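Data first, discussion second: the structure below is written as structure tokens.
The values are calculated or read from the model by the stated rules, or taken from the named source; none is laboratory data. Note that this is a predicted model, so its numbers are computed, not measured. Don't worry about glycine lacking a Cβ; one is built from the backbone with ideal geometry, like all the others, and counts go over all protein chains shown.
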Amino acid sequence: MLSILMRLPKRPLIALAAAGSAALLLAAFGFQYLGGLAPCQMCLWQRWPHAAAIGIGALGLALPGAGPALLGALAMAGNAGLALYHTGVERAWWVGPNTCGAGAAEDMTALSADALLDTTTGRELVLCNQVAWEFLGLSMASWNGLACLGLAAIWLIAARARPA
């Protein structure tokens with residue numbers, strides 16, 4: 001697979017990397033809206049670099065040079081770091097942030113017990129240290145991290161690739 005990627009010109013590689021981020025972002029929305037799996041705050045953080053990578057991909061298709069591809073690699077490496085951090089919180093390797101409600105930007109330590117348990121608000125409490133979905137022993141955050149490392153590699157190959 002790597003040898004095939006190394007022979008491709010820059011534009012198809014950029015398109016592939018951006019499409020990979022689009023697929024992962026669509027999958028996250030699918031899990032949320034079709035599968036009913038509410039995201040925690042850290043899950044939401046991991047969506048932003050994918051959105052940025054899609055935009056960087058459009059820029060990379062329009063501009064020559066390695067700059068956009070390097071930005072795409074940076075976005076995916078950063079996202080892999082976020083995913084590793086989230087995985088560590090899920091596995092209790094370290095403590096996560098205080099903001100761990102489903103889409104909540106508030107500090108959960110400032111909420112009362114009644115507010116946390118109130119089901120009439122329409123908000124579902126989703127904790128970042130709970131694995132909501134797992135496949136082959138890896139959580140969604142772990143899979144996202146692995147995918148981001150692969151996408152970062154494609155972006156780096158694109159940065160070195162011949163123009164097309």
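Here are a few things to note about the model shown:
- Residue identified as at pLDDT 90 or above, surrounded by fewer than 19 Cβ atoms within 10 Å (Cβ to Cβ) and out of contact with any helix residue (DSSP H, G or I) (no Cβ under 6 Å at 6 or more places or on another chain) among Leu34, Leu59: Leu34
- Just one of the numbered conditions (1) modelled with pLDDT of 85 or more; (2) assigned to a loop (DSSP other than H, G, I, E, B) is not true of Val131: (1).
- Cβ-Cβ under 7 Å pairs, at least 6 apart or on other chains, segment 7-33 side part of a helix (DSSP H, G or I), far side of a type in the set (D, E, K, R): Lys10/Arg162; Leu25/Arg47; Ala28/Arg47
- Residue within segment 8-18 that is more than 20 Å from Cys100 (Cα to Cα) and exposed (fewer than 14 other Cβ atoms within 10 Å of the Cβ) present: yes
- Hey, Ala52 free of Cβ contacts under 8 Å to residues at least 24 places away in the same chain, crowded, with 18+ Cβ neighbours inside 10 Å and within 11 Å of the chain's Cα centre (by Cα) or not: yes
- Qualifying residue in segment 97-104 (condition: surrounded by 19 or more Cβ atoms within 10 Å (Cβ to Cβ), modelled with pLDDT under 85 and out of contact with any Phe, Trp or Tyr (no Cβ under 8 Å at 6 or more places or on another chain)): yes
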